[in-house]
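These notes concern the structure reproduced below.
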Amino acid sequence: MSADNRLAVNVQAAREVGNTLRQSFNDPSIGILGHTTMPEDILPGGMTKGSYEHLMFTTLTVSLDYMRDAVALWAASRHAYEDETSRYLFSPQRVVQSPSGAVSRDLQRHGVSLRPDQDAHIWNSVSLTFLTKWGGNPMNMLEAARYDAPSVLQMVQSEVGFPYLRGPKISALWVRMLRDNVGIAFKNMGKIPIPTDIHIVRATLSTGVLRGNYSGSLDGVRPYVQEAWADGLAGTKLIPLDVDEPLWNLSRYGCTRRTGGLCPAARACAVSAHCVAGVVRVSTGGVEVHT
């Protein structure tokens, strides 16, 4: 970080914000600005929670969750599964055996794919890698890693056959979803950094958990956001992954609306007391903070 870019962690703010958000998110009567779910929480019709189909639905869908509207992506993926003519998309063996162009066509047909060639390549590559190396079942990979979360993360991030999925944000997000949605019990989850997309960065900066001055790229500020939550929650009952969902909702339905240092959602926000004054601008084009 340059001399002009100085961000400091407010440990007390991290603990208070983290605990309040998690408690609110877990309470259906409160939620985060009224929201208590994530886009990936809603299962397609006919799918059983924790099943192999649920595991593959989660794995393949999150593989495309890069610079996408998550609500739209997961809704499109549900539609693709509910359509019996495209349900094969969630079976690695059937994807690999499908006729040329079928995967691209059916991903586009349901809106799962917005970048036809790239998205179809990713979907095919992830399916082929799991089929050839892990018998078409991600559980075989998890078992090989003895359900140790850092080992799983390392295996995923070192696999060239996992475009996007192997990235630092999506790989950590995948592990969190396997725990929270599919119901897989991992060891050492506290060692997994918080997935840092645009919403996590914005909410962290807006609540003063990380404050100061910064002007630069989104990628450049990510390590500091991860450090802030790792340091801030150390010694508490929470781990960084526990605040991923609440922070995402806080940004999407609250902090995103912030203008001129003011947030119109403040009166309904459980952590409005921590909302910092100053400039917080976060977009895919960069980050500017003066708080």
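The values are calculated or read from the model by the stated rules, or taken from the named source; none is laboratory data. Everything numeric in this text was worked out from a predicted model, so none of it was measured. For neighbour counting, all protein chains shown are included, and Cβ atoms are generated from backbone atoms with ideal geometry for every residue, glycine included.
Below, the figures for the structure above:
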read-out	value
Qualifying residue in segment 224-246 (condition: under 20 Å from the mean Cα position of the chain (by Cα), in the same structural domain as A14 (by TED's automatic domain parsing) and not in a helix (DSSP H, G or I))	yes
Helices (runs of 4 or more DSSP H) completely within segment 135-216 that count 1 or more residues being under 30 Å from C263 (Cα atoms)	168-177, 198-206
Candidate set from segment 186-202 (those that are buried (at least 21 other Cβ atoms within 10 Å of the Cβ) and of a type in the set (V, I, T)); member that is farthest from G286 (Cα to Cα)	I192
Conditions (1) without any contact (Cβ under 8 Å) to a residue 40 or more places away in the chain; (2) surrounded by 15 or more Cβ atoms within 10 Å (Cβ to Cβ); (3) more than 21 Å from D242 (Cα to Cα): number failed by P39	(3)
Residue within segment 48-69 that is more than 18 Å from W134 (Cα to Cα) and in contact with a Pro (Cβ under 6 Å, 6 or more places away or on another chain) present	no
Selection status of G286, within 24 Å of the chain's Cα centre (by Cα), assigned by TED's automatic domain parsing to the domain that holds V225, modelled with pLDDT of 95 or more and surrounded by fewer than 17 Cβ atoms within 10 Å (Cβ to Cβ)	yes
Hey, L55 within 19 Å of D180 (Cα to Cα) and surrounded by 19 or more Cβ atoms within 10 Å (Cβ to Cβ) or not	yes
Considering residues of segment 156-168 that are out of contact with any Lys or Arg (no Cβ under 7 Å at 6 or more places or on another chain) and surrounded by fewer than 19 Cβ atoms within 10 Å (Cβ to Cβ) only, the residue nearest to P92 (Cα to Cα)	G161
Spans of helices (runs of 4 or more DSSP H) in segment 1-114 with at least 1 residues over 22 Å from the mean Cα position of the chain (by Cα)	11-26, 70-82, 92-97, 102-109
Any hit, segment 256-275, residues being in contact with a Lys or Arg (Cβ under 8 Å, 6 or more places away or on another chain), assigned to a helix (DSSP H, G or I) and under 13 Å from R202 (Cβ atoms)	yes
Residue match in segment 194-212 (condition: more than 24 Å from S24 (Cα to Cα) and modelled with pLDDT of 95 or more)	yes
Criterion (touching a helix residue (DSSP H, G or I) at 6+ places or on another chain (Cβ under 9 Å) and modelled with pLDDT of 95 or more) met by exactly one of E245, E227	E245
Positions within segment 82-101 being in contact with a Ser or Thr (Cβ under 9 Å, 6 or more places away or on another chain) and under 17 Å from D119 (Cβ atoms), in sequence order	Y88, L89, F90, P92, V95, V96
Candidates R109, R68, R78 - the one that is modelled with pLDDT of 95 or more and closer than 22 Å to D41 by Cβ	R78
Yes/no for V271 being among the β-branched types (V, I, T), within 19 Å of L233 (Cβ to Cβ), under 22 Å from the mean Cα position of the chain (by Cα) and surrounded by 23 or more Cβ atoms within 10 Å (Cβ to Cβ)	yes
